[in-house]
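K.L.:
Pasting a structure below so you can have a look.
A short reminder: the numbers here are calculations on the coordinates, not readings from a lab. This is a predicted model, so every value here is computed, not measured. Please note: Cβ atoms are built from the backbone with ideal geometry, for glycine as well, and neighbour counts cover all protein chains shown.
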Amino acid sequence: MKIIKTTLCLCLVIAMWACGNTTPTKSAAENEVQENVSVEEVKGVVFQDITLEQALEKAKNENKYVFIDFYSKTCAPCKKMEKTVFTTAECGKYVNDNFIPIKIDGEDNAEGTVIAKRYKIFIFPTYLILDPEASKVGEVSGAELDVNKFIGMLKDIIK
C-alpha cells in the first residue's frame, strides 16, 4: 500500500511539473547577452524579465520611461498585440529606445494585482507609462493593431 501511495504521489508531482511553466528560465549570462544586442538587431519589443522596482531603477540610470504591458493570460486582444504589434521592428525600435519595457499579469493574485490596483488598471490590455519616480505619465487601453497609431499614442504621452 505504501508503494502505491508513493508511486501515485510521484506521478502527481511529475504531472504537475509537466503542466507547469515550460518556458526555460534564462541564466544571468543569457540575460546579459540579450541586453548587449543592439536595437537594430532586435525585431520587436524586448520585454525585460525584471521587477517594477528594478525597471524604475534602470529607467533612472538610462534616462528612460517604464513601459508596462498589463495583460491577462486569457486576454485575446493581449495575445493579438503580442503577435502583431510588439513583434514589429518599428515598435521594437521605438519602445526599446525610449522605455524599459516589462510585462505584468494583472490577474496573477500576487504582485501583479497589487500593482494593477495601485495604478487603477481594470482593462486588459493596458499599457502604462511611468517616469523613473513611479509616477503615471499616461496609459493606453485596448488593442491598437496599427503599429504607427500605437507608436503615435506613445509619442503623444511622453511629449
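K.L.:
Take each of the peptides 75-86, 137-148, average the number of other beta-carbon atoms within 10 Å over its residues, and list them starting from the highest. The partial results should precede the final answer.
P.N.:
Numbers: 75-86: 16.9, 137-148: 14.8.
Final packing ranking: 75-86, 137-148.
K.L.:
Provide the net charge surrounding Ser135, with neighbours chosen by a C-beta distance below 13 Å and charges set as Lys +1, Arg +1, Asp -1, Glu -1.
P.N.:
Values: positive: Lys60, Arg118, Lys136; negative: Asp131, Glu133, Glu139.
Computed value for this residue: 0.
K.L.:
Express in nm, to one decimal, how much length is gained between Lys80 and Asp146 on full extension, taking 0.36 nm for each residue of separation and deducting their alpha carbon distance. Present the calculation step by step, with values, prior to reporting the outcome.
P.N.:
Working: separation 66, 0.36 × 66 = 23.76 nm, distance 1.13 nm.
Difference between extended and current length: 22.6 nm.
K.L.:
Convert each backbone phi in the stretch 150-159 into a coupling constant with the Karplus relation 6.51 cos²θ - 1.76 cosθ + 1.60 (shift: θ = phi - 60°), then list the ³J(HN,Hα) values in order as whole Hz, x for Gly and Pro.
P.N.:
4, 4, x, 5, 5, 4, 4, 5, 9, 4
K.L.:
Same structure, new question: Quick check of the Kirkwood formula: for the stretch 32-159, what is the inverse mean of 1/r over all pairs of different Cα atoms, in Å?
P.N.:
Working: mean 1/r = 0.0686 Å⁻¹.
In the stretch 32-159 this quantity evaluates to 14.6 Å.
K.L.:
Please compute the length gained on full extension between Lys73 and Lys117, using 0.36 nm multiplied by the number of residues separating them and subtracting their Cα-Cα distance. Don't skip to the answer; put the middle values down first.
P.N.:
Details: separation 44, 0.36 × 44 = 15.84 nm, distance 1.76 nm.
Working it through step by step, the gained length comes to 14.1 nm.
K.L.:
Next question, about the same structure. Highest mean first, how do 104-111, 64-71 rank when packing is the count of other Cβ atoms within 10 Å averaged over residues?
P.N.:
Details: 104-111: 16.1, 64-71: 23.8.
Ranked from most to least packed, the peptides come out as 64-71, 104-111.
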